[in-house]
1. Given Cβ point charges of +1 (Lys, Arg) and -1 (Asp, Glu) and nothing else, what value in debye, to the nearest 20, does the dipole of the stretch 193-312 about its Cα centre take?
2. Please list, in order, the residues from the stretch 39-60 whose amide nitrogen is less than 14 Å from a point placed 7 Å along the Cα→Cβ vector of K226.
3. Suppose the chain between E182 and K249 were pulled fully straight at 0.36 nm per residue; how much longer would it get relative to their current alpha carbon spacing?
4. Once the piece of chain linking Q296 and S105 is laid out straight, how much longer is it, given 0.36 nm per residue of separation minus the C-alpha distance between them?
5. Take the Cβ-Cβ distance between E240 and F274 as r, set R0 to 35 Å, and report the resulting FRET efficiency rounded to the nearest 0.05.
6. May I ask you to sort I218, I80 by Cβ crowding, counting other Cβ atoms within 10 Å and putting the fewest first?
7. Hey, rough spin-label estimate for K73 and D209, points 7 angstrom out along Cα→Cβ, what's it come to in nanometres?
8. Roughly how large, in nm² to one decimal, is the mean projection of the convex hull of the alpha-carbon atoms in the stretch 209-264?
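Values in this text are rule-based calculations from the coordinates and carry no lab data. No experiment lies behind these values; they were computed from the predicted model shown. Cβ placement follows ideal geometry from the backbone for every residue including glycine, while neighbour counts extend to all protein chains displayed.
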Amino acid sequence: MTDLSARILSGDPRAIARLITLVENESADAIPTMKHIYAHTGRAHVIGVTGVMGSGKSSLIYELAVVYRAEGKKVGIIAIDPTSPFSGGALLGDRIRMMELSTDSGVFIRSMGTRGMMGGLTGALYDAVDILDAAGMDIILIETVGVGQDEVDIVKIADTTLVVLVPGLGDSVQTIKAGLMEIADIFVVNKADTPGVEQTVAELEAMLDLATAQTRAIPIVATSAKQRQGISLLKQRITEHSEFLKQSKQFETRRRQRYEAELVEIIKKRLLAFIFDEATLRDTVDRCITQISNKQLDPYSAADEILGRILK
Ligand SMILES: Nc1nc2c(ncn2[C@@H]2O[C@H](COP(=O)(O)OP(=O)(O)O)[C@@H](O)[C@H]2O)c(=O)[nH]1
Ligand SMILES: [Mg+2]
């Protein structure tokens with residue numbers, strides 16, 4: 001047991017922050033601790049919150065956290081900020097309200113940047129979730145801005161995925177990407193204090209009626225994070241989804257998918273490190289690159305050769 005492991009398991013926020021920084025930096029120093037704490041993971045309910053910028057994801061997360069805290073639950077929050085190369089650099093707008101929570105010892109808030117990270121954020125995000133889980137968080141909320149692959153990847157990590165929409169974007173529902181529709185376990189129509197909420201909910205309902213092969217009706221919850229309305233109902237729907245997962249055995253299926261994705265990330269990272277490392281196949285890689293530039297070799301054949309070296 002490393003000293004850091006013991007501190008993580010006791011829920012020490014400084015230790016949590018330090019270990020997340022280590023995994024973000026892909027430091028080998030994190031690995032012994034990650035191994036030690038792993039047996040203590042798997043308890044937390046992981047909630048992914050995705051949707052377009054400005055739809056109120058951070059505000060909703062804040063309000064949900066308040067509701068969970070009122071029940072005595074410990075809450076971990078991870079905000080994924082694709083624009084920030086720095087850890088700890090939360091979007092400014094989120095900060096003011098989140099600051100209020102950050103003085104609560106039952107809440108841990110972390111922003112993780114994706115830009116400039118080799119191989120993206122995914123590996124570090126799996127680790128961060130495990131760290132918060134081992135540190136005793138009952139609920140882990142992950143905010144992702146709905147851009148690129150992020151919102152689709154979130155389903156691999158989250159037990160429950162919330163897709164947040166807002167009224168007043170006219171044909172917003174129609175323009176939601178198919179991928180985003182499919183990942184929703186619960187739809188949230190936030191900013192219900194603004195005009196057009198009924199229409200958006202109706203459009204969503206109509207669209208969900210058309211969707212085929214559903215094993216469960218996808219709930220739609222209208223909320224106003226601003227006026228603190230619909231938050232308890234949203235929490236209730238999340239709890240119901242969690243119960244549904246457990247009863248239908250989908251919980252296990254989803255968790256297995258998450259563990260597979262996590263394993264893939266680790267193996268991918270190690271394999272690439274092995275291939276491109278100075279000490280192992282770097283010379284072969286450099287020679288292949290030279291031959292590729294001279295058109296003596298194509299990249300596929302080069303990959304065959306390099307992988308052949310590992311597999312033999
Ligand atoms: N009217 C209204 N504004 C909201 C509501 N929720 C959030 N906002 C505002 O919408 C803006 C974006 O909110 P934020 O939580 O940062 O959205 P995010 O980008 O999805 O995280 C902020 O100015 C919030 O104050 C709501 O329910 N009603
Ligand atoms: Mg936000």
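1. Dipole about the Cα centre, nearest 20: 480 debye.
2. Residues 54-57, 59-60 qualify, since their backbone N sits under 14 Å from the label point.
3. On the way: separation 67, 0.36 × 67 = 24.12 nm, distance 1.94 nm.
Extending this stretch completely gives an extra 22.2 nm.
4. Details: separation 191, 0.36 × 191 = 68.76 nm, distance 6.12 nm.
Full-extension gain reported as 62.6 nm.
5. Computed FRET efficiency for E240 and F274: 0.20.
6. Working: I218 18, I80 23.
Exposure proxy ranking, most exposed first: I218, I80.
7. 3.2
8. Taking a quarter of the hull surface, the average projection is 5.7 nm².
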